[in-house]
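J.: Sharing a structure here in structure tokens format.
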Amino acid sequence: MSYQSTKQQMLLSQASIILLSVVAGFFGRGGWQYWLFVIVYFIVLAVLMQRLAGPGREMRASVQEVEGGKVLFQEKECFKIMPEDAEYQKESAAQMRLVQANLILFIPVLFYFMLAYEPLLTTVPKYFESKHLGYVAAYLLLFEGSFAVSQVGQKYFQMRVGKAGIKPFQLVVPRAFAITSKGVLLQGIVSKTALKFPIEDYEIRISVPRRFVEFVKDTGKSIIKIRLYTREPEKAYNIIIRKNRIAKEKVSKQEKES
């Protein structure tokens, strides 16, 4: 994840905490309106955080342009080919273990919330003339404390994983893909993303025995893999490498001319 993405996630988290604190302070924790807001809030926040964190943010901006290029190669059965890769099951199991270990970090947050809830909501509002503003401040401290505990847990998890020599990775497998003259178009379950030529942030790899071409990015803290399963990996790889080289040469020429 880039520094910019991390910064945006932090700003989004803080804005969300403030918004939730204001709603909780003025509407209380009772009533169907509040709980409806909380449910919608967490759904929207989860989607936004995922879009900021993953490889998709810069890729979504290129979909229209890549989709408009001439189709050079197409694979519609990635999900049918994927189960034939025995190593994929091992990778998925390792990824799931890291996810489960990360979920354990929620326990300290839950304990903090349970221990701090009553003292904060009983004490803090007394220091404010406005009851609503007092509750807003109390909830703000409660949510900020939960966020701080979560961040400490994340740092501890990253430190332990780093000492163990393990680097978390995110594996993205589209259900179908197409290589066009403009880039690589990825069809997800509900939406499309794209990698526009020239592809410079990712290392391009191929595994003929396992039938895939993949794009790999090491962010420092984690590894992102975008894997394209196909029955013709060599053909797909050669097209990507050729079109990527041409795009790089074109960019280099334009930079020299300017």
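The values are calculated or read from the model by the stated rules, or taken from the named source; none is laboratory data. Note that the structure is predicted; figures quoted are calculated from it, not measured. Here the Cβ is made from the backbone with ideal geometry for all residues, glycine too, and neighbour counts use every protein chain on show.
J.: What residue, of 174, 168, is under 20 Å from the mean Cα position of the chain (by Cα), in contact (Cβ under 8 Å) with a residue 60 or more places away in the chain and buried (at least 20 other Cβ atoms within 10 Å of the Cβ)?
T.: Numbers: 168 fails: buried (at least 20 other Cβ atoms within 10 Å of the Cβ).
Going through 174, 168 in turn, just one is under 20 Å from the mean Cα position of the chain (by Cα), in contact (Cβ under 8 Å) with a residue 60 or more places away in the chain and buried (at least 20 other Cβ atoms within 10 Å of the Cβ): 174.
J.: Right, next: When the residues of region 72-102 are narrowed to those that are modelled with pLDDT of 85 or more and hydrophobic (A, V, I, L, M, F, W, C), which ends up surrounded by the fewest Cβ atoms within 10 Å (Cβ to Cβ)?
T.: Here is the first cut: in region 72-102, the residues modelled with pLDDT of 85 or more are 72-88.
Subsequent filtering for residues that are hydrophobic (A, V, I, L, M, F, W, C) retains 72-73, 78-79, 81-82, 86.
Working: 72: 16, 73: 19, 78: 20, 79: 13, 81: 19, 82: 18, 86: 8.
Looking at residues that are modelled with pLDDT of 85 or more and hydrophobic (A, V, I, L, M, F, W, C), I get 86.
J.: On to the next question. Taking the conditions exactly as written (surrounded by 16 or more Cβ atoms within 10 Å (Cβ to Cβ), in a strand (DSSP E or B) and in contact with a helix residue (DSSP H, G or I) (Cβ under 7 Å, 6 or more places away or on another chain)), does residue 185 satisfy them or not?
T.: Values: surrounded by 16 or more Cβ atoms within 10 Å (Cβ to Cβ): yes; in a strand (DSSP E or B): yes; in contact with a helix residue (DSSP H, G or I) (Cβ under 7 Å, 6 or more places away or on another chain): yes.
In short, yes.
J.: Across region 177-206, what is the total count of residues that are within 17 Å of residue 225 (Cα to Cα), among the polar types (S, T, N, Q) and in contact (Cβ under 8 Å) with a residue 60 or more places away in the chain?
T.: Number satisfying all stated conditions: 1.
J.: Return yes or no: is residue 231 more than 30 Å from residue 157 (Cα to Cα), of a type outside the set (S, T, N, Q), in contact (Cβ under 8 Å) with a residue 60 or more places away in the chain and assigned by TED's automatic domain parsing to the domain that holds residue 70?
T.: Numbers: more than 30 Å from residue 157 (Cα to Cα): yes; of a type outside the set (S, T, N, Q): yes; in contact (Cβ under 8 Å) with a residue 60 or more places away in the chain: yes; assigned by TED's automatic domain parsing to the domain that holds residue 70: yes.
So residue 231 fits the description; yes.
J.: Residue by residue through region 191-209, note down the ones that are part of a strand (DSSP E or B) and acidic (Asp, Glu).
T.: First, pick out the residues of region 191-209 that are part of a strand (DSSP E or B): 192-196, 203-207.
The answer is 203, and nothing else.
J.: Where residues in region 208-226 are closer than 16 Å to residue 89 by Cα and without any contact (Cβ under 8 Å) to a residue 60 or more places away in the chain, which of them is farthest from the chain's Cα centre (by Cα)?
T.: 209
J.: A further question on this structure: May I ask you to verify whether residue 199 is out of contact with any Cys (no Cβ under 6 Å at 6 or more places or on another chain), among the aliphatic types (A, V, I, L, M) and buried (at least 16 other Cβ atoms within 10 Å of the Cβ)? Walk me through how you get there before you give the answer.
T.: Working: out of contact with any Cys (no Cβ under 6 Å at 6 or more places or on another chain): yes; among the aliphatic types (A, V, I, L, M): yes; buried (at least 16 other Cβ atoms within 10 Å of the Cβ): yes.
Considered against the rule, which asks whether it is out of contact with any Cys (no Cβ under 6 Å at 6 or more places or on another chain), among the aliphatic types (A, V, I, L, M) and buried (at least 16 other Cβ atoms within 10 Å of the Cβ), residue 199 comes out as yes.
J.: Moving on to the next point. Among what's in region 142-160 and is more than 21 Å from the chain's Cα centre (by Cα) and surrounded by fewer than 16 Cβ atoms within 10 Å (Cβ to Cβ), pick the residue that is modelled with the highest pLDDT.
T.: 144
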